[in-house]
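Have a look at the structure below before the remarks.
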Amino acid sequence: MKALVYLGPGQKGLDERPMPRLAAATDAVVKISRTTICGTDLHILKGDVATCAPGRILGHEGVGVVSETGAGVTVFKTGDRVLISCISSCGKCEYCRRGMYSHCTTGGWILGNTIDGTQAEYVRIPHADTSLYKIPDGADEEALVMLSDILPTGFECGVLNGKVKPGDAVAIVGAGPIGLATLLTAQFYSPAQLILIDLDDSRLKVAKRFGATATINAGDGKAAAAVLALTEGRGVDAAIEAVGTPATFVLCEDIVAPGGTIANIGVHGTKADLHLEKLWSQNISITTRLVDTVSTPMLLKTVQAKKIDPRLLITHHFKLDDILAAYEVFGHAADSKALKVIIEA
Ligand SMILES: [Zn+2]
Ligand SMILES: [Zn+2]
């Protein structure tokens, strides 16, 4: 089968690989119909993710059809259309029993990281019963690809951890796919202000369309002052970091109101300063989280009920044969204006 393979820092290829086989009774093999590329895949390609070894098939998002199940799989059968969660969970270990699937002792984020992923014609899914979701009849499969990772990530790490409430002032730093997924799902809670901060005016324009009440281009270095001006000098109740750089994290420290929360979503590769000399007395909380995907069933219902439309995040379409071109487009988002790219297998 064809698969996108990580070959070491800066190197990837569309290679011919053997079909995945069941390795445990609880595994299923899924024939991929649609997958996508995540910012995390770009981090891997830069060499930032030490757990992902050269030779790995990338990808942790997608939808497909079950083609084979192990003897221990009871919920799914061959032919079922399924959504693949970016997090694999056994459902039984101590972390899974606490709903913290991201830290499953035999799962977590393994797809396209420590085991082969979804940017291929087929993928092996461990713990299939608790890591796949049935796609409801009539559902828009393309839209559901956004439920593998980015919608639960924005919602759980940003909105839930940021404790977004009705009437809140919320700032989201970063208007990429994750920031925009956070913007979409924050609106479940009717915050009064949803301020989007980015360096790219075209992304900020998209944010406006998605429901941002104000946008700030941080290019002039005065984003914090602009947020304070929008909030009567108070700052925001939730400062949500969706970039993953020291500067954007420090910006969140500068704009969080007394009693507020800094909710980190970004993948950080280097240390960021924590200004406790300013924050020690401000009653703030700082949260971090790897998405658990516990909210996936709820998000599926909101998409089915058209409360949110994740299709808005899809800007480009490619065939698996053209996945290298898809990486080019996704990797140069400032020029291509790409948000999420759908890859059809
Ligand atoms: Zn991802
Ligand atoms: Zn587990």
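For the chain, the Cβ-based charge dipole about the Cα centre amounts to some 560 debye (Lys, Arg positive; Asp, Glu negative; other atoms uncharged).
Toward the positive end of the charge dipole of the stretch 152-287, with +1 on the Cβ of Lys and Arg and -1 on the Cβ of Asp and Glu, the farthest Cα among ALA214, SER285, ALA238 is that of ALA214. When you restrict to C-alpha pairs under 8 Å that are six or more residues apart and normalise by the size of the stretch 163-271, the relative contact order lands at 27 percent.
Computed from the C-beta positions of ALA23 and PHE188, the FRET efficiency with R₀ = 56 Å rounds to 0.90.
Close amide H contacts of VAL82 (hydrogens built in the peptide plane, cut-off under 5 Å, sequence separation of 5 or more or a different chain): GLY64, VAL65, VAL66, ILE135. Applying 1/(1 + (r/R0)^6) with r as the Cβ-Cβ distance of SER285 and ASP254 and R0 = 22 angstrom yields a FRET efficiency of 0.85. Computed from backbone phi with θ = phi - 60° and the Karplus coefficients 6.51, -1.76 and 1.60, the 3J(HN,Hα) list for the stretch 289-298 is 6, 9, 3, 9, 6, 5, 8, 4, x, 5 Hz; x is used for glycine and proline.
Across the chain, the mean sequence separation of Cα contacts (distance under 8 Å, 6 or more residues apart), normalised by length, yields a relative contact order of 17 percent. Computed 3J(HN,Hα) for the stretch 36-48, one whole-Hz value per residue from the Karplus formula 6.51 cos²θ - 1.76 cosθ + 1.60 where θ = phi - 60°, is 8, 10, 10, x, 4, 4, 5, 4, 4, 5, 6, x, 7, glycine and proline marked x. Rounded to the nearest 20 debye, the dipole size of the stretch 152-287 about its Cα centre is 280 debye, using +1 on the Cβ of Lys and Arg and -1 on the Cβ of Asp and Glu. Each residue of the stretch 152-287 gets 92 Å³ once the volume of the Cα convex hull is shared out per residue.
Along the positive direction of the dipole of the chain (beta-carbon charges: Lys, Arg +1; Asp, Glu -1; about the Cα centre), which of THR130, SER102, SER148 reaches farthest? Toward the positive end, the furthest listed residue is THR130. For the stretch 115-184, the relative contact order comes to 28 percent (Cα pairs under 8 Å, sequence separation of at least 6).
Karplus-based coupling profile of the stretch 154-165, in residue order and whole Hz: x, 6, 6, 6, x, 6, 5, 5, x, 6, 5, 10, with θ = phi - 60° in 6.51 cos²θ - 1.76 cosθ + 1.60 and x standing for Gly or Pro. What percent antiparallel are the DSSP beta bridges of the stretch 205-289, to the nearest 5? Once the DSSP bridges in the stretch 205-289 are tallied, antiparallel ones form about 0 percent. Taking every DSSP beta bridge that has both ends in the chain, the antiparallel portion is near 50%.
Values in this text are rule-based calculations from the coordinates and carry no lab data. As the structure is a computational prediction, the values presented were derived from the model and not from experiment. We place every Cβ from the backbone using ideal geometry, glycine too, and count neighbours over all the protein chains shown.
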